[in-house]
1. Out of the residues in segment 57-68 that are farther than 19 Å from residue 39 by Cα and at pLDDT 95 or above, state the one that is surrounded by the most Cβ atoms within 10 Å (Cβ to Cβ).
2. Applying the selection to segment 86-119, what residues are assigned to a loop (DSSP other than H, G, I, E, B) and not charged (D, E, K, R)?
3. Can you say whether residue 85 is touching a helix residue (DSSP H, G or I) at 6+ places or on another chain (Cβ under 8 Å) and at pLDDT below 95, as far as the supplied structure shows?
4. Quick one: residue 156 ticks every box in (1) within 21 Å of residue 193 (Cα to Cα); (2) among the charged types (D, E, K, R); (3) surrounded by fewer than 18 Cβ atoms within 10 Å (Cβ to Cβ) except a single one, so which number is it?
5. So, of the residues in segment 202-215 that are surrounded by 18 or more Cβ atoms within 10 Å (Cβ to Cβ) and closer than 26 Å to residue 108 by Cβ, which turns out to be modelled with the highest pLDDT?
6. Scan segment 216-233 for residues that are buried (at least 16 other Cβ atoms within 10 Å of the Cβ) and either aliphatic (A, V, I, L, M) or modelled with pLDDT of 95 or more (or both) and jot them down.
7. Name the residues in segment 23-57 that are out of contact with any helix residue (DSSP H, G or I) (no Cβ under 6 Å at 6 or more places or on another chain), over 17 Å from residue 102 (Cα atoms), part of a strand (DSSP E or B) and aliphatic (A, V, I, L, M), would you?
8. Any idea which of 7, 44, 38 is under 22 Å from residue 164 (Cα atoms) and touching a Gly at 6+ places or on another chain (Cβ under 9 Å)?
Amino acid sequence: MYRGLTVGVAIPALDEEASIGSVVGDLKELRNDDGSAVIDDIVVCDNGSRDATGTCATEAGARVAREARKGYGSACLAAIAELERTDVVLFTDADHAFHASQACRLLDGIAAGADLVIGSRALGGMDPGAMSATQVFGNRLATALIRWLWGQSVTDLGPYRAIRTRALSSLAMRDATFGWTVEMQVKAIQHALPIVEVPVDTRVRIGKSKISGTVRGVLGAGFGILSMIAKLRWQQGNKTPQLQGRRV
């Protein structure tokens, strides 16, 4: 529990045996000033790993869900379904690129009144090589499109984020691929949820990236994100949106 809020963590994972133990361990070590644990529940979704990701996650103290249907969004949905009922769901990646110690920055935003807090890599420090040039360009393009189409200032679609459970339920998340993050942010804007961004630092991940590590990964992620933006705008129609996400 953190500042009166129970916190569950959802971690999608695919072939991350080299890093998942450290990710889970770092989260479990987070403590409040009184020594109590910040995190109440951690679920790692093993999305069809061919290595010992699930075993390593269990040994580190997480609960493991399994989802055969491949996809970032599919794994997130499966992890959420397995989580105990908490006030807040914190999402992070399994590759150790983010600092668990900075989770409290996101949770502070929730405690201050936001429904959705995005950990922005663009606002934080980034180690050389932490993101490829293609990833940086794609992120800037997608966030520019959101600003243009919905009039909301956005700097990142980063996966390190926290959201109130009731707000997450209201968004009716559906995407099974890399469009998951943009679906959450755009739907939050459409629902006029209070949204904030906080700076988070990014380090070079452990192991090979499923996105930037292959041409197929780059193209697949880019298509998933851009097609989700187009889909959500088309569904909304051509009218200027009446509801805009509130900055707090």
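The values are calculated or read from the model by the stated rules, or taken from the named source; none is laboratory data. The structure presented is a predicted model; accordingly, all values stated were derived computationally and were not measured. Neighbour counts run over all protein chains shown; Cβ positions are idealised from the backbone, glycine included.
1. So, considering only residues that are farther than 19 Å from residue 39 by Cα and at pLDDT 95 or above, the one surrounded by the most Cβ atoms within 10 Å (Cβ to Cβ) is 67.
2. 86, 92, 94, 96, 97, 99, 112, 113, 114
3. In short, yes.
4. With respect to (1) within 21 Å of residue 193 (Cα to Cα); (2) among the charged types (D, E, K, R); (3) surrounded by fewer than 18 Cβ atoms within 10 Å (Cβ to Cβ), residue 156 is out only on (3).
5. Among those residues, the one meeting the criterion is 202.
6. Passing the criteria: 218, 221, 225, 226, 228, 229, 232.
7. none
8. It is 44.
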